[in-house]
Amino acid sequence: MIDVRAAAVIDVRAGSVIRARAAAVGLLLAAAGCEPPRHQPVDPVEAGASPNARILPAPLANETPDLLDASVAEATSKMMADDYGRLIMSEASPQSPVSLSPATPLPDDALSARELPGVTLEAAFRMRDVPQPPKAPEVAAAGIHAAQKLTELTWKVELAETGRMRVQFTSRALPLPVGSELRARHDVYGEVLLWPSLTQYRVVPPGALRTLLGERRVDVTPLSTGSARPVGDGKRLEIDVRKVEVHGSLGALYIELGRVPEAGDGGPLLCRALLEILGVDPKSPECVAGEVPLYASYAWQGGGGIAFEVTSVARRADLISTDMLMPPPSAAYAAAGLPSAQGGVFLTRDELAAIRAEPLQMPASVDPGAPGEGFVAVNQTDALLYLLVDGIPAVAVPPTSERYVVGPLRGRYVVQWRTFLGERIEPPQTVEMPARIVRSGAEAGAADGG
């Protein structure tokens, strides 16, 4: 077991370490760029290559960010291999972490079993421009409130002072299933995604976090250096914060960074992740030790957005070091695939039925594609889309797929199509259920809401 500031060398025979930098450079160069597209199954675990991952969106007006090769930057002088071809990660200084390669398993991690100081955060993503349910006597406010609580987009984040981060997916309505985890450490750029029950892990290189969260893909998005400017100070959760506005090639991010010394080198890891979602290189000087992002609001260049809000901060002295292993010994390396989303329907039949007090007496639907009850959500676009019903995330439909959802009683509902990160936010519409609700691919070029 070693501390994060000690060198990480795995299974090296005495006196047999070979510093094969050329081999490591080849691995890193092979890993640069996007994953090759794969044929999409009927219920894909991971969709093919993102249609947006290989192109750089137009920069913001008056912004000319420099492009960086996120998958190989600064790594070639720090990566070595042992006699068996496994990578050895030499401990990098905080100013020059190693960039993870998606094509190579990580060496076993080793931390001594002990309690670590740090902080635990409860946080949630907040969708923008969410429509309200219709005003009608049959609308059940208590049922809607219960469904909203069940589908809150929540994370639990642990930040260790020594420079470790563990993110637990605690919501049934996130693109990745409950029990999935992200882990990061201060001496590398990128994250590791863990399956529920910690059975497998996938390397998420710098630039791929945005597509992972927004599209259920691990495709590298080009990163820019971005630009930042201070916009004031204030308080959030009784913590002093500095407010910063960051501009990147994809849009802008307003972020409030709170002074929490107990977070130590763990604080910058959450900051890096939020900047990566914006398409900004994680080497940003805005991410500093002892500060924690408490609020972040994204405004995409094409319209729309989403917010990330920390709702509680607990200072800790008892974080378990073995919960921060990257990867844990129980997890096998996965070169492809993602944890199963189990159909992407977030509420049960009874939970959806409870948002109405009683069914409406209406004529039968004239749509021959409408089901006998509930609705069919049809996504003909090339993006993972959420369908909100009365403002509640009801289902996530993969590209060019459909999902049948049972539960809603016969009646009128307000529905809305959108992407998880809010790059596309469609105008709400009122539908009579049972219904077949189609998002046509021909409409993909229409203006987004927000």
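Rule-based calculations on the coordinates, nothing more; no lab input. All values reported here derive from a predicted model rather than from experimental measurement. Reconstructed Cβ throughout: ideal geometry from the backbone, glycine too, with neighbour counts over all protein chains shown.
Points to keep in mind about this one:
- Per residue, the average separation of C-alpha pairs within less than 8 Å and at least 6 apart gives segment 339-416 a relative contact order of 40 percent.
- For segment 123-265, the extents of the C-alpha atoms along the principal axes are 56, 44, 33 Å, listed from largest to smallest.
- Residues in segment 269-293 that a label on residue 225 would reach, taking backbone N under 13 Å of a point 7 Å out along Cα→Cβ: 281, 283-285
- Compared with the direct C-alpha span, the chain from residue 340 to residue 156 gains 64.2 nm at full extension, assuming 0.36 nm per residue.
- Residues of type lysines that residue 235 reaches as a straight line, Cα spacing below 29 Å, ignoring anything fewer than 8 places off in the same chain: 149, 156, 243, 283
- Three-way shape label, segment 279-347, alpha-carbon gyration tensor, a/c 1.5: oblate
- Volume per residue for segment 213-285 equals 107 cubic angstrom (convex hull of Cα atoms).
- Each residue of segment 231-248 was assigned a 3J(HN,Hα) from its phi angle through the Karplus expression (A = 6.51, B = -1.76, C = 1.60, θ = phi - 60°), giving 10, x, 10, x, 9, 8, 6, 6, 10, 5, 10, 10, 9, 9, 10, 10, 10, x Hz with x at Gly and Pro.
- Applying 1/(1 + (r/R0)^6) with R0 = 45 Å to the Cβ-Cβ distance of residue 348 and residue 96 gives a FRET efficiency near 0.35.
- Theoretical FRET efficiency, 1/(1+(r/R0)^6), r = Cβ-Cβ of residue 237 and residue 438, R0 45 Å, to 0.05: 0.60
- In this structure the amide hydrogen of residue 163, modeled in the peptide plane, comes within under 5 Å of the amide hydrogens of 265, 266, none closer than 5 places in sequence on its chain.
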